[in-house]
1. Which of the following residues is surrounded by fewer than 20 Cβ atoms within 10 Å (Cβ to Cβ), modelled with pLDDT under 75 and of a type outside the set (A, V, I, L, M, F, W, C): Ser515, Ser552?
2. State yes or no: is Gln462 farther than 13 Å from Ala547 by Cα, touching a Lys or Arg at 6+ places or on another chain (Cβ under 7 Å), at pLDDT below 95 and of a type outside the set (Asp, Glu)?
3. Of all the residues that make up region 127-163, how many are modelled with pLDDT under 95, assigned to a loop (DSSP other than H, G, I, E, B) and under 27 Å from Arg585 (Cβ atoms)?
4. Would it be correct to say that Ser325 is assigned to a loop (DSSP other than H, G, I, E, B) and touching a Pro at 6+ places or on another chain (Cβ under 9 Å)?
5. Taking region 417-456 only, how many residues are without any contact (Cβ under 8 Å) to a residue 40 or more places away in the chain and over 18 Å from Ser152 (Cβ atoms)?
6. Looking for whichever is at pLDDT below 95 and not β-branched (Val, Ile, Thr) here; the options are Asp242, Asp222. Which one fits?
7. Go through region 565-593 and report how many residues are buried (at least 18 other Cβ atoms within 10 Å of the Cβ) and in contact (Cβ under 8 Å) with a residue 24 or more places away in the chain.
8. Contact list please: Cβ distance under 7 Å, first residue in region 194-211 and under 16 Å from Arg232 (Cα atoms), second residue in a loop (DSSP other than H, G, I, E, B), pairs at least six apart or on different chains.
Amino acid sequence: MDFATVLRGIFPDPQYIPKVLAMMFEDRRRQLYSSPPSVSRVAGCSNPKCVGQHSTTIKVCSKYCSRPCQVAHWPTHKVDCNNPYNETTWQPGWLNDRRVPAWVTAGPSHSLFGSTGQYLWGNVPAIDCMGAVMQEGAAVSCRDLNICFAASGDIRNLVSTVNGLPDDYSGTCRILINDSSPCVTTRNLLILYALLRAGRPIEDAAESALHLWYSAILRPSDAAEMYLCAQRIYGDIQLQADNFEIQSVYDLRGDGKLYAKQPLDDMVSIRMLISTHGAEEALASMHDTMLHPSRIDYRDRFLASLQPSHRTAWARNKRIGVLASFADDTSDFTEPNRTMFSPDGQWMTLDSADQLHGWPVQDVLLSGQRSGLAPADVYGCLCVHVRGQLIEFARRMERFRIDIHVSQADARDLAVDIVLNAYAPHFTPGCFDRIETSNVADYIGLARVIDDWGPLLSRQNQDASLLAYTMNWHVQRTDVPATDHCMASSEGARDVQFARTARAMVCDVFAAHLSLTLPSRIGQVMSIMSGGLILPEVTLFTENMAAFCDTSTAFERWLDKQGVKQISEKRGLRMRQRNRIHPKRFGAKLDAGPNDVPEMTEDTFYNLYNLGGAYAPVRFLEFEACRD
């Protein structure tokens, strides 16, 4: 018997159910003491007890102002600093054991691991979907805008897009952010309301929103804020026919409103918020997914691509379950973040999920540098960066006239509902200046995305854009093996591809053989792999060669098989040959053509692919209305 049925059985009159839920959330909130939000230290010394009397800077994996502060912090920091991952001599377990790694022998079903496989954190760096400076220019400052995130995942693109608007923006902006997952939608609602509700200092609200978004364990004050937001949002549910739903409007900072439209058919959003597992159980469940023994070879393959200090930072992040810098004392994080666990306490995302994959790592490191953090403290840098983005977002929401509509629906159903004016007067056919569809094309086909969303794109704004990307186009091709996407078509092109990969990865194993002919080079690679040992350098090299391969011909064939040209013409759209909002490929220039191959420095490649988790086959597409 589901939770909704139980509630109906106890309360035959449905008007009492919202009141009972509100009381439950209020009771939870009152059980938590309201500790003052201890905003993380972001500058100077990593010793939390430092009084700032010294001026010398000592840099290791943390920064210290002096030797005494380094010594004082050592009892805490040594757990991380003495981690074997921090040694340059560390190597994957399969090499130590002289065996074939599991990812070679396991089938495709082992490529993903996680109890429910929810995508709670983004796995593509945040995109400013307006790209206003490149697109509309100064005219956008006073223009009313309608923006749709049809399959948003988390709120990173929403935050980046609002933060990309001109500082003097004076128009009215309406944003529709939708996802089909009830867990993702619930998180988006709670994070946005915690950040944007009136009555809290923006800095404190941003700190709570940051941890609701990215930490598995919360401070009591953050958990209390979560329950307060849940009380106000889910204490307003309505009974529609046989189902519960919320369809409400909430005041925000400034003149904007937050609109919520969410069905609660199985009440999973409510059930996960009122679950009873404690922090220790939650952290154990997280570790059971993120650090499962059966996945050690997969982890080692990833960790082999990182610098020692970043391996150490990764290990600490997964161990404590809190997004924090090395300097932060996380002992006051004692409450589970119930939005990241199923109602029965299971960690909901994949073992490959990482907070870093949702943001441009170069920007993350710059934010940390401005705040005095060492690049080795990469999750501390991310903490600073996201906090800054949330603070700027909240200030703009306070200053600008922006309404945010949060909905939960399948992307195809959402498009149909808008055509049928179910979202009028806010959103109507042909109203959107931007439509961002994530990688919905991988699930329903690119032609369907264009067919569904093309009619909703504005024809009044000549710069209106429909955005999409595909991660799996190469897998969907039936004319060639999926692995062929990573290899150039001619020997000469393969030579260039080989050299670019070796230089970007600074791979000495291969750089030494750049002067050899391709057959000789392949022979050298095979000799390196002889004896049954698979070196991580070889694996990473072959995986990353796709980043430097011109696959435009194969991609054009895929587009043709999808019928993209025909459906675009039918809907009065055309695909841009040169993108204007986001580069066509990771590492490429914004105005790169279809045949242009990325050229990346060592640092750019490392930040984008090794730390940032970029996937080479991804292709970004932009469509605009035909004007001739």
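1. Numbers: Ser552 fails: modelled with pLDDT under 75.
Testing whether each residue is surrounded by fewer than 20 Cβ atoms within 10 Å (Cβ to Cβ), modelled with pLDDT under 75 and of a type outside the set (A, V, I, L, M, F, W, C) leaves just Ser515.
2. Spelling it out, Gln462 is indeed farther than 13 Å from Ala547 by Cα, touching a Lys or Arg at 6+ places or on another chain (Cβ under 7 Å), at pLDDT below 95 and of a type outside the set (Asp, Glu).
3. Of region 127-163, the ones modelled with pLDDT under 95 are 130-143.
Checking which are assigned to a loop (DSSP other than H, G, I, E, B) leaves us with 130-136, 143.
Subset that is under 27 Å from Arg585 (Cβ atoms): 130-136.
So the answer is 7.
4. Criteria not met by Ser325.
5. Qualifying residue count, region 417-456: 10.
6. Asp242
7. Of the residues in region 565-593, 12 are buried (at least 18 other Cβ atoms within 10 Å of the Cβ) and in contact (Cβ under 8 Å) with a residue 24 or more places away in the chain.
8. Leu196/Leu252; Leu196/Arg253; Arg197/Leu252; Ala198/Leu252; Ala198/Arg253
The values are calculated or read from the model by the stated rules, or taken from the named source; none is laboratory data. The structure presented is a predicted model; accordingly, all values stated were derived computationally and were not measured. Virtual Cβ from ideal backbone geometry, glycine too; neighbours counted across all protein chains shown.
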